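Engineer: Could you have a look at this structure, given as structure tokens, before my questions?
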Amino acid sequence: MKVSVIGLGKLGSPLAAVMASRGHEVVGLDLHQRFVDDINAGRAPVPEPQLQELIDKSRDRLRATSDWQDAVNNSDITFIIVPTPSDAKGVFVNTFVLDAVEKLGAAIRAKSGYHVVVITSTVMPGSTGGVIRQRLEAASGRTVGADLGLCYNPEFIALGTVVRDMLYPDVILIGQSDERAGSYLEEVYKTSAMNDPAVQRMNFINAELVKISVNTYVTTKISYANMISEICGQLPGADVDVVTAALGKDTRIGSKYLKGATGYGGPCFPRDNVALSVFARSLGVSPDVAEATDRVNRRQFDRLAGLALSHIGGARRVGIVGLSYKPGTPVIEESQAIYLARTLIDRGVQVYLYDPLALDNAMAALPQAVRAESLEHCVRSSDAVVIMTGEPEYKSIRPEWLNRGSDDAVVVIDTWRVLPRDTFDGVATLVYPGFGQEQGAGVAARASAVAAE
């Protein structure tokens, strides 16, 4: 099929490359000329695992333009995947989507034949069938139905695994204006997905609710695991990994996202949770679970800072390893590592930073910090180290990097349990949050008293 993709950023360029790699003729469009030039030169516009590989594979089927008429004339279906930032209340703003819809609609007006428009950007419930449909019909001079299809089709992906998640989706969610539009979009996915995902087709409002409900449910599992971690951290002998592993064996719960570590961050989870809460309250519904999830997550910032400060003692140089909100991405939005670094810097600690992808972004946000040129440089330069993500590279930390030749062992706070404790015995003191190490004086006595009651 002939496909166009509007927006060639963190999600749009992988979508275009995936579609092209699976045999579709794809033209991407972006207002940023660099993105257009990169695609046409065969370069990945954004850093994302496997993206360059797919672009290399699909050079003869993938190109980019800044000409809306070119994009529309050379496609039968258009995916709009542009930002929908949150306003001060947490509501998604459709400004960029509507601008794209109007320009796309004007180009469709000048074209004959059926065309399907797919909104892939996450929008608030009521948007696709409301203002988006109205703007599209006004700009195109057509009515959604006979010669114009409209679908809502958000992706369920994570930065760092975008390509994999698009090639092997768990589910394809299609909010459809009508049967024809939904079937056309489903046909595209039959060839683009490498597995056989479940396809869920429904009306716009249900699809819009599914999207933000999924992310809110996932964040609830993360916050639940972190709540268990807090409890375990106050009980000598407790081990959060043992507890959550057992919980995850229950098929009613499952093990995905059930790991007590750092809180969630990034550009989607926090804001989707807030958006669902705001939307529910606008309907007079109390979103107690979503709001509690958000409170637990925000508490992790202070919990981690307090844990670090209680263990680093008089350390004046602290290395923070893992600066992005998750492994495999340069994105530092809502990163707990950035919050921790700011807290330590404000207390006069010299902070060394290292991350294989996010270091530039982190240094721009924290110019007072010291840039470590390698993982080894960061570890050797620090009196205490905090590992903030489960990046596989961090498993290569060697005991000799931590050996200071003194009786005082270097403290390593390993939030994701990357390093094996027995390898570092006698060289470093490994602290695993959620392993009965956060307790203060009298906790064991209090726990015994409660048990006795």
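Taken together, the values in this text are just the output of simple stated rules run on the coordinates, not laboratory data. Note that the coordinates shown come from a computational prediction; the quantities given were computed from them, not determined experimentally. Here the Cβ positions follow ideal geometry from the backbone for every residue, glycine too, while neighbour counts run over all protein chains shown.
Engineer: Which lysines, on any chain, are close to residue 326 with Cα under 19 Å apart, when same-chain ones fewer than 8 places away are left out?
Structural biologist: 10, 221, 256, 259, 395
Engineer: Gain in length, residue 400 to residue 363, computed as 0.36 nm per residue apart minus the alpha-carbon separation, to one decimal in nm?
Structural biologist: Details: separation 37, 0.36 × 37 = 13.32 nm, distance 2.70 nm.
Stretched out fully, the residue 400 to residue 363 stretch lengthens by 10.6 nm.
Engineer: Report ³J(HN,Hα) in whole Hz for each residue of region 166-172, in order, from the Karplus equation J = 6.51 cos²θ - 1.76 cosθ + 1.60 where θ = phi - 60°; Gly and Pro get x.
Structural biologist: Those phi angles translate into 6, 6, 10, x, 6, 8, 10 Hz.
Engineer: Moving to a separate point now. How far is the Cα center of region 371-401 from the Cα center of region 314-360, in Å?
Structural biologist: If you average the Cα positions of each part, the centres end up 12 Å apart.
Engineer: Of the DSSP beta bridges with both residues in the chain, give the percent that are antiparallel, rounding to the nearest 5.
Structural biologist: Details: 3 of 49 bridges.
Counting only bridges with both partners in the chain, antiparallel ones make up about 5 percent.
Engineer: Could you put 377, 115 in order, starting from the residue whose Cβ has the fewest other Cβ atoms within 10 Å? Numbers along the way, then the final one.
Structural biologist: Numbers: 377 16, 115 24.
By the 10 Å Cβ count, ascending: 377, 115.
Engineer: If each residue of separation counts as 0.36 nm, what is the full-extension length gain between residue 295 and residue 371 once their alpha-carbon separation is subtracted? It would help to have the intermediate numbers written out before the result.
Structural biologist: On the way: separation 76, 0.36 × 76 = 27.36 nm, distance 3.22 nm.
Here the segment from residue 295 to residue 371 would lengthen by 24.1 nm.
Engineer: Counting only residues 5 or more places away or on other chains, whose amide H sits under 5 Å from the amide H of residue 65 once H atoms are built in the peptide plane?
Structural biologist: 28, 29, 30
Engineer: From the C-alpha gyration tensor of the chain, pull out the three semi-axes of the equivalent ellipsoid (sqrt of 5λ each), sorted largest to smallest, in whole Å.
Structural biologist: On the way: eigenvalues 405, 129, 67 Å².
In descending order, the three semi-axes are 45, 25, 18 Å.
Engineer: Between residue 190 and residue 310, what length comes free when the chain is fully extended (0.36 nm per residue of separation minus the Cα-Cα distance, one decimal in nm)? Numbers along the way, then the final one.
Structural biologist: On the way: separation 120, 0.36 × 120 = 43.20 nm, distance 5.38 nm.
Answer, rounded to one decimal: 37.8 nm.
Engineer: Additional query: Please work out, to two decimal places, the log10 of the ratio I(q)/I(0) at q = 0.12 Å⁻¹ from a Debye calculation in which every Cα of region 93-161 carries one identical scatterer.
Structural biologist: -0.31
Engineer: While we're on this one: Can you spot the aspartates and glutamates whose alpha carbon is less than 18 Å from residue 249's alpha carbon? Ignore those fewer than 8 places along the same chain.
Structural biologist: Filter leaves 239, 241.
Engineer: Over all distinct alpha-carbon pairs, what is the Kirkwood Rh of region 313-431 in angstrom?
Structural biologist: On the way: mean 1/r = 0.0713 Å⁻¹.
Averaging 1/r across every pair of different Cα atoms and inverting gives 14.0 Å.
Engineer: Okay, moving on. Taking the Cα centre of region 2-202 as the origin, how large is its charge dipole in debye, to the nearest 20, when only Lys and Arg (+1) and Asp and Glu (-1) carry charge on their Cβ atoms? Working shown, then result.
Structural biologist: Working: 20 positive and 24 negative charges, 37 e Å.
The dipole of region 2-202 has a size of about 180 debye.
Engineer: How large is the direction-averaged shadow of the alpha-carbon convex hull of region 368-441, in nm²? Mind dumping the intermediate values first?
Structural biologist: Details: hull surface 24.3 nm².
Reported value for the Cα convex hull: 6.1 nm².
Engineer: Here's a follow-up. How big is region 213-297 along each principal axis, measuring the range of its Cα positions in Å and listing the largest first?
Structural biologist: The principal-axis extents, from largest down, are 45, 27, 24 Å.
Engineer: Could you work out how far helix 443-452 tilts from the main Cα principal axis of the chain, as a 0 to 90 degree angle to the nearest 10?
Structural biologist: It is inclined by approximately 80 degrees.
Engineer: For the peptides 11-17, 262-268, what is the packing order when you average, over each peptide's residues, the other Cβ atoms within 10 Å and list the highest mean first?
Structural biologist: On the way: 11-17: 28.3, 262-268: 22.9.
Answer by packing, highest mean first, reads 11-17, 262-268.
Engineer: Using the basic label-point model (7 angstrom from Cα toward the beta carbon), what is the residue 56 to residue 33 distance in nanometres?
Structural biologist: 2.9
Engineer: So, one more: Report, in degrees rounded to the nearest 10, the 0 to 90 angle that the Cα long axis of helix 240-249 makes with the longest principal axis of the chain.
Structural biologist: 40
Engineer: Compute the helix-to-body angle for 336-346: its Cα long axis versus the longest principal axis of the chain, expressed 0 to 90° and rounded to tens.
Structural biologist: Value to nearest ten degrees: 50.
Engineer: Continuing with this model, one more query. I want to check the label-to-label distance for residue 213 and residue 1. Put each point 7 Å from Cα in the C-beta direction and report it in nm to one decimal.
Structural biologist: In this crude label model, residue 213 to residue 1 measures out at 2.5 nm.
Engineer: Also, quick follow-up: Based on alpha-carbon centroids, what's the gap between region 181-243 and region 66-100 in Å, whole number please?
Structural biologist: Rounded to whole Å, the Cα centres lie 25 Å apart.
Engineer: Here's a follow-up. Could you tell me whether region 2-202 comes out rounded, prolate or oblate from its Cα gyration tensor? Rule is a ≥ b ≥ c as square roots of the eigenvalues, rounded for a/c under 1.5, then prolate if a/b exceeds b/c, otherwise oblate. Mind showing how you got there, number by number?
Structural biologist: Values: a/c = 1.32, a/b = 1.25, b/c = 1.06.
Rounded.
Engineer: Quick one: if the Förster radius is 60 Å, what FRET efficiency do residue 422 and residue 99 give, using the C-beta to C-beta distance and rounding to 0.05? All intermediate terms of the calculation are to be shown ahead of the outcome.
Structural biologist: Working: r = 57 Å, r/R0 = 0.96.
Plugging the Cβ-Cβ distance into 1/(1 + (r/R0)^6) gives 0.55.
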